[in-house]
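Beneath this line is the structure, given in structure tokens, with notes to follow.
The values are calculated or read from the model by the stated rules, or taken from the named source; none is laboratory data. In this text, all values refer to a predicted model and were calculated from it rather than measured experimentally. Positions of Cβ are backbone-derived with ideal geometry, glycine not excepted, and every protein chain shown enters the neighbour counts. Surface accessibility is based on the protein's heavy atoms, side chains included, excluding ligands, DNA and RNA. Shrake-Rupley method; radii C 1.70, N 1.55, O 1.52, S 1.80 Å.
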Amino acid sequence: MAKDSVCGMDANPAIKAVHKGKPYYFCNASCKETFLKNPEKFSSRG
Ligand SMILES: [Zn+2]
């Protein structure tokens, strides 16, 4: 199960964003919005 890169909770597979060809999953749309505003910050966490 993927983790939400923004808040660290278990992610919902239905809420997905792709950054530099990699998929990222989020617990809710708000976390996805936060990620998309600053994807470099969150994607660097691994
Ligand atoms: Zn979240």
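Which of the residues that make up segment 18-46 are within 12 Å of the ligand (Cβ to nearest atom) and among the aliphatic types (A, V, I, L, M)?
Within segment 18-46, ALA29 is the sole residue that qualifies.
Taking segment 12-46, which residues are of a type outside the set (A, V, I, L, M, F, W, C), surrounded by 13 or more Cβ atoms within 10 Å (Cβ to Cβ), over 8 Å from the mean Cα position of the chain (by Cα) and part of a strand (DSSP E or B)?
ASN12, HIS19
For every residue, the table says whether it meets (1) at pLDDT 95 or above; (2) in contact with a helix residue (DSSP H, G or I) (Cβ under 8 Å, 6 or more places away or on another chain).
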| position | (1), (2) |
| --- | --- |
| ALA2 | no, no |
| VAL6 | yes, yes |
| ALA29 | yes, no |
| LEU36 | yes, no |
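Mind listing whichever residues of segment 1-11 are open to solvent by less than 90 Å² (accessible area, probe 1.4 Å), of a type outside the set (A, V, I, L, M, F, W, C) and either over 11 Å from LYS32 (Cβ atoms) or more than 9 Å from the ligand (Cβ to nearest atom) (or both)?
GLY8
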